[in-house]
Amino acid sequence: MQSPSSSARSGAAGGTRRRGLLAVGLWRARFELLQYFRSGDTLFFTFLFPIFMLGLFSVAFGSDGDVQISPGVPPISMAQLYLPGMIAAGLLLSGFQNLAMDIAIERSDGMLKRLGGTPLSPVSYFIGKIGQVLVTGVLQSALLLLFASLVLGVELPTEPERWATFAWVFVLGITTSALIGVALSAVPRTAKSATAVVVPIALALQFISGVYLTFSQLPEWLQNVAGLFPLKWMAQGMRAVFLPEEYAALEQNGEWDLAGVAIALAVWLVVGLVLSRVTFRWIRRDA
């Protein structure tokens, strides 16, 4: 039986170790951010790409003014119509695509093997990765909103409850995307194949989830397929924030179904957590 003093020492040691893991993880997050912003191609394709696409679609399809995509809903600008999907796509790119490719490349280049030979804990490593994703996701969404409001003239919501919805959809969405990205990073066998594996998946999900195409105009069977994946629910949650209330009638069940959004993203978060825990290795099993 442990004495009170030994139990206290054990608890203190555990607390010190947790603080050490967090401190190293925060240092890794700073390192990851510096590396991220020094990479021009990564910066564009996962950070600035949604902003570029929002501007492109607004200019290309918005020259005739506001559009009414269905009877019974008020006309809105193309920029407002595309904004929710682009924010959701930004979360997918920052979390899923960025981490899946980044970790796969680090594993192929031997970086993870070298890190595995150091005292660095996988916990600190992933605190760094997810910290980088959270910071870049916040900055990306802020830039999207500023660009939409100041340049494209989109009127942002003023109701506090809408911004509360934005906050929890954002946190659930980017965390889920990051964990699924970690899990998928185990699939590419080489750095060259990482792009070929990850980018087509991300692109296909964007097309069927209401990012580039209006979700209500997709065939019902394709909407059902999209509902199996988290991006559809992220985009639906963002539409509830930025589109007029009348647009809820265009969703599959005729309402925003925010409870369904929360449940779907929570399920995918758990799936991503389990898969990333099971599949992550400093080196591939077949190496």
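The values are calculated or read from the model by the stated rules, or taken from the named source; none is laboratory data. As the structure is a computational prediction, the values presented were derived from the model and not from experiment. Every residue, glycine as well, gets a Cβ built from its backbone with ideal geometry; the counts of neighbours run over all protein chains shown. Ligands, DNA and RNA are stripped out before the accessible areas are found, and what is left, the full protein with its side chains, is counted by its heavy atoms. Shrake-Rupley method; radii C 1.70, N 1.55, O 1.52, S 1.80 Å.
Pairs are defined by a Cβ separation below 9 Å, a sequence spacing of at least 6 or placement on different chains, a first member in the stretch 99-115 that is under 21 Å from T175 (Cβ atoms), and a second member that is among the hydroxyl-bearing types (S, T, Y) and assigned to a helix (DSSP H, G or I); the pairs so defined are L99/S177; M101/T42; M101/T46; M101/T195; D102/Y36; D102/T42; A104/S193. The single condition among (1) exposed (fewer than 15 other Cβ atoms within 10 Å of the Cβ); (2) in contact with a Leu (Cβ under 6 Å, 6 or more places away or on another chain); (3) not aliphatic (A, V, I, L, M) that G153 does not satisfy is (2).
Within the stretch 251-265, if we keep just the residues that are surrounded by 13 or more Cβ atoms within 10 Å (Cβ to Cβ) and more than 22 Å from P160 (Cβ to Cβ), the residue that is nearest to the chain's Cα centre (by Cα) turns out to be A264. Could you tell me whether K129 is of a type in the set (D, E, K, R) and exposed (fewer than 15 other Cβ atoms within 10 Å of the Cβ)? Considered against the rule, which asks whether it is of a type in the set (D, E, K, R) and exposed (fewer than 15 other Cβ atoms within 10 Å of the Cβ), K129 comes out as no.
Can you go through A196, A178, A204, A148 and tell me which one is open to solvent by less than 60 Å² (accessible area, probe 1.4 Å) and free of Cβ contacts under 8 Å to residues at least 24 places away in the same chain? Talk me through it step by step, then tell me what you get.
On the way: A196 fails: open to solvent by less than 60 Å² (accessible area, probe 1.4 Å); A178 fails: free of Cβ contacts under 8 Å to residues at least 24 places away in the same chain; A148 fails: free of Cβ contacts under 8 Å to residues at least 24 places away in the same chain.
When all the criteria are applied, what remains is A204.
Kindly establish whether A248 is modelled with pLDDT of 90 or more, over 14 Å from the mean Cα position of the chain (by Cα) and open to solvent by less than 20 Å² (accessible area, probe 1.4 Å). For A248, the condition - modelled with pLDDT of 90 or more, over 14 Å from the mean Cα position of the chain (by Cα) and open to solvent by less than 20 Å² (accessible area, probe 1.4 Å) - is met. Taking the stretch 169-287 as the region of interest, the helices (runs of 4 or more DSSP H) fully inside it that hold 2 or more residues being of a type in the set (V, I, T) and out of contact with any helix residue (DSSP H, G or I) (no Cβ under 6 Å at 6 or more places or on another chain) are 191-208, 258-279. Within the stretch 42-77, if we keep just the residues that are outside any helix (DSSP H, G or I) and of a type in the set (G, A, S), the residue that is farthest from G90 (Cα to Cα) turns out to be G72.
Any residue in the stretch 93-113 that is under 12 Å from the mean Cα position of the chain (by Cα), under 23 Å from L258 (Cβ atoms), in a helix (DSSP H, G or I) and not hydroxyl-bearing (S, T, Y)? Within the stretch 93-113, one or more residues are under 12 Å from the mean Cα position of the chain (by Cα), under 23 Å from L258 (Cβ atoms), in a helix (DSSP H, G or I) and not hydroxyl-bearing (S, T, Y). The numbered conditions (1) within 18 Å of V241 (Cβ to Cβ); (2) open to solvent by less than 60 Å² (accessible area, probe 1.4 Å); (3) assigned to a helix (DSSP H, G or I); (4) touching a residue at least 24 places away in the same chain (Cβ under 8 Å) are all true for L143 except (2). Exactly one residue among V169, V123 is over 20 Å from L265 (Cβ atoms), β-branched (V, I, T) and either touching a residue at least 40 places away in the same chain (Cβ under 8 Å) or open to solvent by less than 40 Å² (accessible area, probe 1.4 Å) (or both), and that residue is V123.
When the stretch 207-219 is limited to residues that are open to solvent by 40 Å² or more (accessible area, probe 1.4 Å) and free of Cβ contacts under 8 Å to residues at least 24 places away in the same chain, the one that is farthest from the chain's Cα centre (by Cα) turns out to be P219.
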